[in-house]
Amino acid sequence: MSATRVLSVSDVQRIVTDSGIWTATRAQTHRFQLSTDLFSLPEDRVRELRELTFAVTKCLEGMARIAAIAEDEQLGKMPSWKNIRQTLQREVPARFRSLCRIRASTGPSIVRLDMVEDLDENWKIVEIEGVKSHGLGYSSLFAEIAGLTQHDRLPGVAQLIAQEVHKRRPQNPTLIHILAHSEIFYQAEGEILQKALARHGVRLILLQEDSKIKVEDGILTIEGDGIPNPLFLSIPPFAGKKYGAPANLALENQLLKLYQDKSADCLIPPKLFMGSKGMLAILSNAEENAELDWILRSQINSDNLLLLRSYIPRTALVEPGTSFPVNGGWVLKEVLESGAHGVCFSEEPDFRKKFEEARAGKIRAVLQEKIACKPRDFHVSEGQKSQIESRHMRIAIFMVAGSLADVTITACKEAPVHGGKEAIMLGSILT
């Protein structure tokens, strides 16, 4: 399994340029390196990922039920239930905590797994993202690039999201995507997704939290266009002064009330714990807590739970009694941060300081075993020329409505791998 050079530099440049991702100032903020490669997915890997997709979907549905029970202090009386509640709701704004009891068995319809490949070519899950829509635009962009070839591909996020929208709103296939002030960077991705969904007959309305939006009698009105029973991509927590603008909490409250009253629905429900590293630690149960395991197996099929655990490196909450790790490589991750934010590696000078802050409860974090990654060769384009470079890769697995939708790759010369000007990004094909 490897990257396969199947494209011309000019074709890749044309599609990326036409997407608008590098328009004006975005040429600096959203720049990444081009590659003429597409990542090859053999049949056995695709079969493996489809089995994993099923297991993850069922595990997250089970976690949704567990969170709902834990949030009810009458139902979840045992100490382990209390610990689950505290773990899942760490750093979650108070106004979002009770929402886990709405549609209690419903998990996210869109999930992204962040995976890495170890030295034995096993793929390992380092994060489960069931709250944010980041990456959907890039996935749609790379799917368009892969469409230039004659190779078979996975269906793609746009096609499967469109199918879900048509299923839920057959008379008015409209999806609403509201960006909080903290997510304005992802406007460019939203525009790419908007075009991709339009090709499948779905209107994506892309808004910001300060857009002219009204909510009256269960009807969402956007610039005079009334939408009853709206379907949202997600309802994110609106940002505060930290991001340079006052939070539109009045609108946020109205949108959340629509969801609570079941006058609206979300492809990604506002259950923020679904993006928490604390949830990953619970599912992993690295400390082999028997009571926690009993609770998990009461709502999650054992085969699905064990399959998921086989992909998760040792991940545990940092508590007051957690010992400082002395052997091997480790990563400290704040529970609700994403990307490179709130991440510290054991070889970094600040690691002990951050660990002590977590142990003292000043920050909420998990400790995860660091995976030694296998580098792979990719073609990296400069101008009209390409050269082969060895790169570490991070793999994004996109799941929509319980189906495997897409696989994308981000690759950098150095680990850890994150998107940016020094990264190449590419899509995948079936081989």
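The values are calculated or read from the model by the stated rules, or taken from the named source; none is laboratory data. Because the structure is predicted, anything quoted here is derived from the model rather than measured. We place every Cβ from the backbone using ideal geometry, glycine too, and count neighbours over all the protein chains shown.
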Based on this model, can you work out whether LEU119 counts as surrounded by fewer than 23 Cβ atoms within 10 Å (Cβ to Cβ) and more than 15 Å from the chain's Cα centre (by Cα)? yes
Qualifying residue in the stretch 364-373 (condition: β-branched (Val, Ile, Thr) and within 21 Å of VAL157 (Cβ to Cβ)): no
Of all residues in the stretch 9-51 being hydrophobic (A, V, I, L, M, F, W, C), touching a residue at least 60 places away in the same chain (Cβ under 8 Å) and outside any helix (DSSP H, G or I), which is farthest from LEU306 (Cα to Cα)? ILE21
Any pair with Cβ under 8 angstrom, 6 or more apart, that starts in the stretch 64-91 at a residue that is assigned to a helix (DSSP H, G or I) and ends at one that is modelled with pLDDT of 90 or more and among the aromatic types (Phe, Trp, Tyr): ALA67/PHE273; ILE69/TRP81; ALA70/TRP81; LEU88/PHE273
The correct count of residues that are of a type in the set (Val, Ile, Thr) and modelled with pLDDT of 95 or more in the stretch 127-157 is 2
Selected residue (only one of GLY130, GLY135, GLY147 is surrounded by fewer than 16 Cβ atoms within 10 Å (Cβ to Cβ), touching a Lys or Arg at 6+ places or on another chain (Cβ under 9 Å) and of a type outside the set (Val, Ile, Thr)): GLY147
Within the stretch 276-294, residues assigned to a helix (DSSP H, G or I) and under 24 Å from ASN122 (Cα atoms) come out as LYS277, GLY278, MET279, LEU280, ALA281, ILE282, LEU283, SER284
What is the number of the single condition among (1) in a helix (DSSP H, G or I); (2) out of contact with any Pro (no Cβ under 9 Å at 6 or more places or on another chain); (3) crowded, with 20+ Cβ neighbours inside 10 Å that PHE355 does not meet? (2)
Selection within the stretch 352-377 - hydrophobic (A, V, I, L, M, F, W, C) and closer than 29 Å to PRO237 by Cα: PHE355, ALA358, ALA360, ILE363, ALA365, VAL366, LEU367
When the stretch 155-184 is examined, which residues are found to be within 17 Å of LYS132 (Cβ to Cβ), touching a helix residue (DSSP H, G or I) at 6+ places or on another chain (Cβ under 7 Å) and not aliphatic (A, V, I, L, M)? HIS177, HIS181, SER182
Among helices (runs of 4 or more DSSP H) entirely within the stretch 134-240, at least 2 residues that are among the acidic types (Asp, Glu) occur in 187-198
Residues of the stretch 376-409 satisfying the condition of being among the polar types (S, T, N, Q) and at pLDDT 95 or above: SER403, THR408
Can GLY328 be described as free of Cβ contacts under 8 Å to residues at least 40 places away in the same chain, under 20 Å from SER284 (Cα atoms) and either in contact with a helix residue (DSSP H, G or I) (Cβ under 6 Å, 6 or more places away or on another chain) or loosely packed, with under 13 Cβ neighbours inside 10 Å (or both)? no
When you go through GLU389, GLU414, GLU422 one by one, which is the residue that is surrounded by fewer than 19 Cβ atoms within 10 Å (Cβ to Cβ), without any contact (Cβ under 8 Å) to a residue 24 or more places away in the chain and among the charged types (D, E, K, R)? GLU414
Does at least one position in the stretch 247-254 carry a residue that is over 17 Å from MET63 (Cα atoms) and not in a helix (DSSP H, G or I)? yes
